[in-house]
Amino acid sequence: MATAIKTGGRSRALPFAWKAAKLLASVALTFLGLLFVTFLIGRVVPVDPVLSVVGDRASQSVYDRVYIELGLDKPLIQQFWIYLQKVFTGDFGDSFLTKRPIMDDILRVFPATLELATFGVILGTILGVPLGVLAAVKQGRLADQVVRVVGLIGYSAPIFWLGLLGLLIFYAKLGWVAGPGRIDISFEYDITPATGLLLLDSAMQGKWAAFRNIFSHIILPASLLGYFSMAYISRMTRSFMLNELAQEYVIAARVKGVPEWRIIWVHALRNAAVPLVTVIALSYAGLLEGSVLTETVFAWPGLGQYLTNSLQNADMNAVLGGTLVIGVVFVGLNLLSDLLYTLLDPRVRRRG
Amino acid sequence: MTATLSRREWLLSEQPASRRQARLGQTYRTWLALRANPLAMIGLAIVVVLIVVALLANVIAPYDPIVGGDLRTERLLPPSLTHLMGTDEQARDIFSRIVHGSRITLMVVALVAVIATPIGLLVGTTAGYFGGWVDTVLMRVTDIFLAFPRLILALAFVAALGPGIENAIIAIAITSWPPYARLARAETLTIRDTDYINAIRLQGARPVRIIWGHVVPLCLSSVIIRVTLDMAGIILTAAGLGFLGLGAQPPQPEWGAMIAGGRRFIIDQWWVVTMPGLAIFVVSLGFNFLGDGLRDVLDPKARK
């Protein structure tokens, strides 16, 4: 009880710094937990980690030496400590498949996923927010029902199935977009990699033919991810807007004769924007998950495809490294949305 | 007068004479509200059809789901009257496979619900009831599980346990319980300090008895709604694992694995991929419609 009173006093004195410190401590604990979970998963694998290093024809003495090198003779807690030290220096071990450090592999594939997810979340926001506002304004009427059903379809369709159908219709039958992959081979060496985001790189280097090719590759998977994030964003926008439109300041504005479009798009949406930022950050994180299946369907050389490839080849180090990176990004985005919420809404800030 | 009451009037009575009448009346009112929602009724119909199809799979399916027909003449046939949804690359009737696959889908949903709900309830009510460091530790663990996207964590677990439908179910259950624990904890916090719980405590009941006998039953209904809402997500995760080759193994007629199997033929034999995907889509749409309607009826706070 005493501590509660003390923190209460502190929070009045230094609200933001104190809140940030508490948040950071909890995030640090979550990271430690993430590491422990991946560590444990790695330990229960039926594959003998020594055999994957030395092969099954090694002599007993070689086996024993590697067994000790890998630290498998030490107690579990000590092994975890070694694992922690390695992870913090960015060492996830070598990939069994590519024979390269996993960190290098992940850094190489990550921009592809980032580009796809960013494009997707931009599309989802551009479409989802107006649809959500529309549904809220026309609550209970046809437009509302249509938006609701479109959203529920997004929640229900398997993303890999829609992706395959999309490829069948728009690539194979209609020929409107380019097929699987990120870029045609003929353009691949045109662009000098700078940011790793190919759309950005090609535009900055003025390679417009390559840019068009990349765009025609990315548009289908990005629209797909965009549809799924739109389903979520429009539903949340609707509920935030309904909340705002019932507030007294809306009535006051109406009484003063403010035009209805201004009340909706300026007064109410601005207040709904704060929780919306959180929702958009969360849906961005959700797209990381969607990207695993989407990338498999579209042969997109990103983190999701790397993860599934490693899985299918029982490359456990790579799987755990990839899982950990996705977990870290996920927690990071959650943290970011929390902080943004506090920064953007003075009411939350004051409450501490 | 009472003798002439219709069943409807008895159910809607404002002065129920017994606990049973009150409970049945409440259920009847929920049903009436649900019936007024067309989407929810469509959802309910889909779920009922799924259950019937799964129960009567042997009667409904015209062909064997595992053993195909003549490989020379019956491979990859387009949909027709003899094969409603066509045949796949091993000359198996796709309609029969989808009908039998409904059993796998239903089993996954039921088992995940049966495994994950008690875990979530136990963790959530324990954390909420005891508070203090027990609460901190349990909720921290819950947060760690919530920190992974669901499919990714399930992937990692399946990678560790080995592919297969049983392991996929375990992995999905392990990744499903944290939201239920959160919910059960929030409910417990509002129940914990009520007079009736205090009264039981004063009678000398132990915490285990209070939690299982008195707190859990009160949390159950909201957790069950949440589980219903999650079922479409469970189906999609299971199908995703199947698609990646980590769930049900061939020749089991699991819908996600069937889509993966048909990928190679998509351009010329579109039905091999389309039909099982349609099945997944319709079933999860059904669960979503039903869950959405149930939430509107049972949780007035979300109804806006």
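B:ARG92 meets all of the listed conditions (1) over 21 Å from B:PHE287 (Cβ atoms); (2) exposed (fewer than 14 other Cβ atoms within 10 Å of the Cβ) but one, namely (2).
Filter the range A:86-102 for residues that are loosely packed, with under 14 Cβ neighbours inside 10 Å and in a loop (DSSP other than H, G, I, E, B) and give the result.
First, the residues of the range A:86-102 that are loosely packed, with under 14 Cβ neighbours inside 10 Å: A:86, A:88-90, A:99-100.
Across the range A:86-102, the qualifying residues are A:THR89, A:GLY90, A:LYS99, A:ARG100.
Evaluation of A:TRP176 against the conditions (1) part of a loop (DSSP other than H, G, I, E, B); (2) away from chain B (no Cβ under 13 Å); (3) surrounded by 15 or more Cβ atoms within 10 Å (Cβ to Cβ) shows that the sole unmet condition is (3).
Table: residues versus (1) under 20 Å from A:SER310 (Cβ atoms); (2) part of a loop (DSSP other than H, G, I, E, B).
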position: A:ASP104; (1), (2): yes, no
position: A:VAL109; (1), (2): yes, no
position: A:GLU115; (1), (2): no, no
position: A:GLY120; (1), (2): no, no
position: A:GLY132; (1), (2): no, no
position: A:ALA136; (1), (2): no, no
position: A:GLY140; (1), (2): no, yes
position: A:GLY154; (1), (2): no, no
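Could you tell me whether the range B:253-265 includes any residue that is surrounded by fewer than 18 Cβ atoms within 10 Å (Cβ to Cβ), β-branched (Val, Ile, Thr) and within 8 Å of chain A (Cβ to nearest Cβ)?
Step one: filter the range B:253-265 for residues surrounded by fewer than 18 Cβ atoms within 10 Å (Cβ to Cβ), giving B:263-265.
With β-branched (Val, Ile, Thr) added as a condition, the list becomes none.
Checked against the condition, which is being surrounded by fewer than 18 Cβ atoms within 10 Å (Cβ to Cβ), β-branched (Val, Ile, Thr) and within 8 Å of chain A (Cβ to nearest Cβ), the range B:253-265 yields no hits at all.
Scoring B:GLY120 on the criteria (1) touching a Gly at 6+ places or on another chain (Cβ under 7 Å); (2) within 30 Å of A:LEU336 (Cβ to Cβ); (3) more than 12 Å from every other protein chain (Cβ to nearest Cβ) leaves a single failure, condition (1). Tell me yes or no: at least one residue of the range B:124-143 is part of a helix (DSSP H, G or I), more than 11 Å from chain A (Cβ to nearest Cβ), of a type in the set (Asp, Glu) and more than 30 Å from A:THR308 (Cα to Cα). The answer is yes; a qualifying residue exists.
Looking across the range A:254-292, the residues that are hydroxyl-bearing (Ser, Thr, Tyr) and either touching a Ser or Thr at 6+ places or on another chain (Cβ under 6 Å) or free of Cβ contacts under 8 Å to residues at least 24 places away in the same chain (or both) come down to A:THR278, A:SER283, A:SER291. Among residues of the range A:156-172 that are without any contact (Cβ under 8 Å) to a residue 12 or more places away in the chain and over 20 Å from B:ASN288 (Cβ atoms), those with a beta-carbon under 8 Å from a residue that is part of a helix (DSSP H, G or I) and not polar (S, T, N, Q) at least six positions away or on a different chain give the pairs A:LEU168/B:VAL273. For the range A:149-167, which residues satisfy the criterion of being over 23 Å from the mean Cα position of the chain (by Cα) and modelled with pLDDT of 90 or more? Of everything in the range A:149-167, those that are over 23 Å from the mean Cα position of the chain (by Cα) and modelled with pLDDT of 90 or more turn out to be A:LEU165, A:LEU167.
Of all residues in the range B:253-281, count the ones that are of a type outside the set (Phe, Trp, Tyr) and not in a helix (DSSP H, G or I).
Going through the range B:253-281, the residues of a type outside the set (Phe, Trp, Tyr) turn out to be B:253-254, B:256-264, B:266-269, B:272-280.
Those left that are additionally not in a helix (DSSP H, G or I): B:253-254, B:266-269.
Of the residues in the range B:253-281, 6 are of a type outside the set (Phe, Trp, Tyr) and not in a helix (DSSP H, G or I).
Condition first: within 8 Å of chain B (Cβ to nearest Cβ) and surrounded by fewer than 24 Cβ atoms within 10 Å (Cβ to Cβ). Now tell me which residues in the range A:298-311 satisfy that. So that I can check it myself, show each step before the final result.
Looking only at the range A:298-311, we keep the residues that are within 8 Å of chain B (Cβ to nearest Cβ), and these are A:307-308, A:311.
Of everything in the range A:298-311, those that are within 8 Å of chain B (Cβ to nearest Cβ) and surrounded by fewer than 24 Cβ atoms within 10 Å (Cβ to Cβ) turn out to be A:THR308, A:LEU311.
Please go through the range B:155-173 and pick out each residue that is part of a helix (DSSP H, G or I) and more than 10 Å from every other protein chain (Cβ to nearest Cβ).
From the range B:155-173, those part of a helix (DSSP H, G or I) are B:155-161, B:165-173; that's our starting set.
Once the filter is applied, which keeps residues that are part of a helix (DSSP H, G or I) and more than 10 Å from every other protein chain (Cβ to nearest Cβ), the range B:155-173 yields B:ILE165, B:GLU166, B:ASN167, B:ALA168, B:ILE169, B:ILE170, B:ALA171, B:ILE172, B:ALA173.
In summary, A:ALA299 fulfils each of the numbered conditions (1) assigned by TED's automatic domain parsing to the domain that holds A:VAL50; (2) among the aliphatic types (A, V, I, L, M); (3) in contact (Cβ under 8 Å) with a residue 60 or more places away in the chain with the single exception of condition (1). Determine whether the range A:310-326 contains at least one residue that is on the phi > 0 side of the Ramachandran plot, at pLDDT below 85 and over 17 Å from the mean Cα position of the chain (by Cα). The answer is yes, given that some residue of the range A:310-326 is on the phi > 0 side of the Ramachandran plot, at pLDDT below 85 and over 17 Å from the mean Cα position of the chain (by Cα).
Could you tell me whether the range A:204-217 includes any residue that is assigned by TED's automatic domain parsing to the domain that holds A:TRP265, under 30 Å from A:LEU269 (Cβ atoms) and crowded, with 20+ Cβ neighbours inside 10 Å? Within the range A:204-217 (the criterion being assigned by TED's automatic domain parsing to the domain that holds A:TRP265, under 30 Å from A:LEU269 (Cβ atoms) and crowded, with 20+ Cβ neighbours inside 10 Å), the answer is no, since none of the residues qualifies. Restricting attention to the range B:229-252 and to residues that are in contact (Cβ under 8 Å) with a residue 60 or more places away in the chain, in a loop (DSSP other than H, G, I, E, B) and more than 8 Å from chain A (Cβ to nearest Cβ), the residue that is surrounded by the most Cβ atoms within 10 Å (Cβ to Cβ) turns out to be B:GLY247. Checked against (1) more than 9 Å from every other protein chain (Cβ to nearest Cβ); (2) surrounded by fewer than 23 Cβ atoms within 10 Å (Cβ to Cβ); (3) more than 12 Å from the chain's Cα centre (by Cα), A:ALA268 meets all criteria but (2). Whenever a residue of the range A:313-332 is free of Cβ contacts under 8 Å to residues at least 40 places away in the same chain, its partners that are outside any helix (DSSP H, G or I), lying with C-beta atoms within less than 7 angstrom and at least six residues away or across chains, give the pairs A:ILE326/B:PRO149. Between B:THR188, B:THR117, B:THR125, B:THR82, the distinction of being modelled with pLDDT of 90 or more and surrounded by fewer than 24 Cβ atoms within 10 Å (Cβ to Cβ) belongs to B:THR117 only.
Do we have any residue at all in the range A:244-255 that's assigned to a helix (DSSP H, G or I), away from chain B (no Cβ under 14 Å), of a type in the set (Lys, Arg) and touching a helix residue (DSSP H, G or I) at 6+ places or on another chain (Cβ under 8 Å)? Yes.
Per the listing A:PHE228, A:PHE160, the residue uniquely within 13 Å of chain B (Cβ to nearest Cβ), touching a Phe, Trp or Tyr at 6+ places or on another chain (Cβ under 6 Å), part of a helix (DSSP H, G or I) and surrounded by 19 or more Cβ atoms within 10 Å (Cβ to Cβ) is A:PHE160.
Suppose the filter is touching a residue at least 12 places away in the same chain (Cβ under 8 Å), within 14 Å of B:LEU77 (Cα to Cα) and more than 7 Å from every other protein chain (Cβ to nearest Cβ); does B:PHE287 pass it? Before the answer, list the steps.
Numbers: touching a residue at least 12 places away in the same chain (Cβ under 8 Å): yes; within 14 Å of B:LEU77 (Cα to Cα): no; more than 7 Å from every other protein chain (Cβ to nearest Cβ): yes.
So B:PHE287 does not fit the description; no.
State yes or no: is B:VAL223 surrounded by fewer than 24 Cβ atoms within 10 Å (Cβ to Cβ), assigned to a helix (DSSP H, G or I), touching a residue at least 24 places away in the same chain (Cβ under 8 Å) and away from chain A (no Cβ under 14 Å)? In short, yes.
The values are calculated or read from the model by the stated rules, or taken from the named source; none is laboratory data. What you see is a predicted model, and the numbers here were worked out from it, not measured in a lab. Please note: Cβ atoms are built from the backbone with ideal geometry, for glycine as well, and neighbour counts cover all protein chains shown.
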